[in-house]
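Derivation of every value follows stated rules applied to the coordinates shown; laboratory data play no part. Worth saying up front: this structure is predicted, and the values here are computed from it rather than measured. Using ideal geometry, Cβ is built from the backbone for each residue, glycine included, and neighbour counts are taken over all protein chains shown.
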Amino acid sequence: MDGAKRFCRDNGLTLALIAVFLLYLVGMGWAGWIDENTSLAEHGGGRITLVSYLLGSSFQSALFENWESEFLQMSAYVIMTAMLFQRGSAESKDPDSANSEDADPDQKRADKEAPWPVRAGGLWSVLYSYSLGIALLVLFAASFVLHWMHSAAAANEDAVLHGQPTLSMLEYLGQAQLWFESFQNWQSEFLSTAVLVVLSIVLRHRGSPESKLVAAPHSDTGR
């Protein structure tokens with residue numbers, strides 16, 4: 001197997017997800033641009049270019065509004081599955097198995113194949129031990145701030161068009177519109193995650209690491 005084929009095989013999941021992401025991102029931008037120009041025409045405004053729309057607050061607000069909910073879901077999922085259980089779910093550790101607990105990384109400090117933060121020990125090891133959850137929380141916070149910033153800009157643009165006073169970023173933080181945009185996505189993310197956790201108790205998808213083995217009893221937790 002040559003290098004390119006091996007790379008595609010070893011990274012196929014990431015490549016496919018990025019490709020689908022880019023496809024839908026293009027679709028979102030294109031459809032949103034058409035809708036924006038339709039709305040402007042209805043109100044007697046002039047058309048805007050695709051680039052202007054993509055760089056504008058309306059598109060950016062919608063984009064980061066969705067990103068924040070995804071990163072919130074994933075960070076909460078990583079953190080909650082480290083502490084909580086759902087017996088029988090493929091998405092949970094086994095509440096009765098001592099093997100479900102990760103070994104103390106300090107025991108692996110002498111292992112030359114261990115990641116360098118584990119070998120370094122101390123604060124580096126602690127941060128690395130929780131780095132996935134931390135990174136996802138940072139991405140959530142960054143996405144929320146960008147959503148907040150662009151949503152405030154979009155709201156102020158609309159206020160100017162209607163002769164209403166504009167709001168500062170801090171003032172907009174207390175507006176119901178911002179939290180409606182966030183909560184409408186947050187609730188759906190946690191619902192879909194809960195559905196996956198519960199359905200994986202009794203349903204299977206052969207070959208997926210998100211599923212238990214097809215012949216496994218419903219009472220089995222994880223794979």
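Using only alpha carbons, build the gyration tensor for region 115-170 and give me the equivalent ellipsoid semi-axes, biggest first, whole Å. Please report the intermediate quantities before stating the final value.
Values: eigenvalues 379, 13, 6 Å².
Computed over region 115-170, the values are 44, 8, 6 Å.
So how compact is the chain: Cα radius of gyration and Dmax in angstrom?
Cα radius of gyration and Dmax of the chain are 22.9, 71 Å respectively.
Determine the sum of side-chain charges near Ser143: Lys and Arg each +1, Asp and Glu each -1, restricted to other residues whose C-beta is under 11 angstrom from that of Ser143. Working shown, then result.
On the way: positive: none; negative: Glu65, Glu68, Glu70.
With Lys, Arg at +1 and Asp, Glu at -1, the neighbours total -3.
Could you order peptides 86-97, 25-36 by the average number of other Cβ atoms within 10 Å of their residues, highest first?
By packing density, highest mean first, the sequence is 86-97, 25-36.
Relative contact order of the chain: what whole-number percent is it, with Cα pairs under 8 angstrom and at least 6 residues apart?
For the chain, the relative contact order is 26 percent.
Which Cα, out of Trp30, Leu55, Ala16, lies furthest along the positive dipole direction of region 1-55 (beta carbon charges, K/R +1, D/E -1)?
The residue sitting most towards the positive pole is Ala16.
On the first, second and third principal axes, largest extent first, how far apart are the outermost C-alpha atoms of region 149-220 in Å?
65, 19, 17
What number, in nm² with one decimal, is the all-direction average of the projected area of the convex hull of the alpha-carbon atoms of region 1-73?
6.7 nm²
Suppose every K and R has +1 on its Cβ and every D and E has -1 on its Cβ; what is the size of the dipole of the chain about the Cα centre, in Debye to the nearest 20?
Values: 14 positive and 24 negative charges, 176 e Å.
The calculation lands at about 840 debye.
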